[in-house]
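Accompanying notes for the structure given below.
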Amino acid sequence: MTNNNPPVCDYEGSDYQKSFWDQGGREYEDRTEAIALKRLLPKSGRLMLELGAGAGRNTPRYVGFERIVLLDYSRTQLEQAQQRLGTSDKYIYVAADVYRLPFVDGLFDGATMIRVLHHMSDAPKALGQVKQVLGPGGTFILEFANKLNLKAILRYWLGKQKWSPFTLEPVEFVELNFDFHPQAVFNWLRELGFNTEKVLTVSHFRMGFLKRVVPTSVLVFFDSIFQWTGALFQWTPSVFVKSVVGGTSSGHHSLTSIFKCPKCGSANLLEKKEYLECTNCKSKWELKNGIYDFREPI
Ligand SMILES: [Zn+2]
C-alpha cells in the first residue's frame, strides 16, 4: 500500500473540547451547528460514521441512528468521547486515518464530517474515502471552512490579505488549516458521484464584538433564519452541505464484518481478545479499552 499519505492534523493529548468549546466562548457556534445538523440529518438510519468525532460533542445529535462509529485520529479524543457517551453497543470507537478508512465498501447509510476538512491537505482524497464506505442512498453531511467569507473579501479588497478569496484553490492560512472555495467543494462532491441536496450557511455573526454585545440567543435566532440563504450564496466562514449517494439502500448489511485492513484492504480480520488480525497480510490492529486502533499495526 501507499506510504505517501498526506500529513494528518493530530489532536492527541489536546484539551480542544475544553479550551475551544467548553470555555472558549463558542456557544453561538455550537448552537448554530446543532440547528444546521437537525435540518440536514435523516430522520432515521442504521449506521452512522462520524469522521473526526473528537470528544463526541455532536454525537448525541445523531438521534435517529441505531449505531454510530466515532472515528478520530487521536486516541485521547476518543477516550474523552467514551467518558461523555459511555461504552455501549450503540457506539464504536475507532482511531484511524481518514485517508485510509478501515471499513468495508458501502457499509454506512450516513456520514458526517464537521470541522475536519479544515485540516485536510488532500481534500478530494479524504472525500473519496467517505464516498467509498457509504452505501447507495447514503447521506453525507459535510461542513467546511469557507475562504469566500465576507471578512476575507473585505480584507482582500483593503489590501490586508494577500490571497484571493475568489479563486478555487484552498488556502492554508496556518499549517494544516485550510479554507475552501464553495464551488471547489461542490465540484469535488459532484465528481465523486454525490448529489448535493441542501446547502446551509452557518455562523453569519462570528464576530467578536457582536458576540460580546448581542445576547447569544438573538444571534442564534437570526443565524437560524439566515442559514437558508446558503442555497443561494455562501459568504459565511462555515458551510454545511448535505449530499446523497445515488441508488437505494439494500437495507441490511452485516455488522459483524464492518472492518477491513487499512494496509492491504482485506476484509478478513480475525477478532482476538486484544487485536484484530488480518488473515491476508498478518497485520495486527490493536483493540484496547474499547478503542479499535487502525493507525499503525502492532
Ligand atoms: Zn491486511
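In percent, rounded to a whole number, the relative contact order of the chain is 19, using alpha-carbon pairs under 8 Å and six or more apart. Values of log10 I(q)/I(0) for segment 16-258 across q = 0.15, 0.17 Å⁻¹ run -1.09, -1.40, by the Debye formula with one identical scatterer at each alpha carbon and no solvent. Using 0.36 nm per residue and subtracting the Cα-Cα separation, the extra length available between Asn187 and Gln83 on full extension is 33.6 nm. Once the Cα atoms are used to define both axes, helix 27-40 deviates from the longest principal axis of the chain by about 70 degrees. Each of Ala267 and Ser14 was given a label point 7 Å from its Cα along the Cα-to-Cβ line. The distance between the two points is 3.3 nm. If only the Cβ of Lys and Arg carry +1 and only the Cβ of Asp and Glu carry -1, the dipole of the chain around its Cα centre is close to 540 debye. Anisotropy class assigned to segment 51-169 is prolate, per the alpha carbon gyration tensor with a/c at or over the 1.5 cut-off and a/b larger than b/c. If one takes the longest principal axis of the Cα atoms in the chain, at what angle in degrees, from 0 to 90 and to the nearest 10, does the Cα axis of helix 216-226 lie? The angle comes out near 90 degrees.
Between Gln23 and Ser249, residue separation times 0.36 nm minus the direct Cα-Cα distance comes to 77.2 nm. Among the listed pairs Lys125/Lys198; Lys43/Lys90; Lys131/Lys260; Lys90/Lys198; Lys90/Lys272, which are separated by more than 24 Å between their Cα atoms? Distance filter (> 24 Å) returns Lys90/Lys198. Simple rule: put +1 on each Lys or Arg Cβ and -1 on each Asp or Glu Cβ in segment 67-126, find the dipole, and look at Pro124, Leu70, Gln83; the Cα lying farthest toward the positive end is Gln83. Couplings 3J(HN,Hα) of segment 47-58, computed from phi: 9, 10, 10, 9, 8, x, 5, x, 8, x, 4, 8 Hz, in residue order, whole Hz [Karplus 6.51 cos²θ - 1.76 cosθ + 1.60, θ = phi - 60°; x for Gly and Pro]. Relative to the longest principal axis of the Cα atoms of the chain, the long axis of helix 123-133 makes an angle of roughly 50 degrees.
With K and R counted +1 and D and E -1, the other residues having a Cβ less than 13 Å from that of Gln82 yield a net charge of +2. Per residue, the chain reaches -7000 deg cm²/dmol at 222 nm when only DSSP H runs of four or more residues are counted, each adding -39500 (n - 2.57).
Bear in mind these aren't lab numbers, they're just calculated from the coordinates by the rules spelled out. Quick caveat: nothing in here was measured; it's all calculated off a predicted structure. We place every Cβ from the backbone using ideal geometry, glycine too, and count neighbours over all the protein chains shown.
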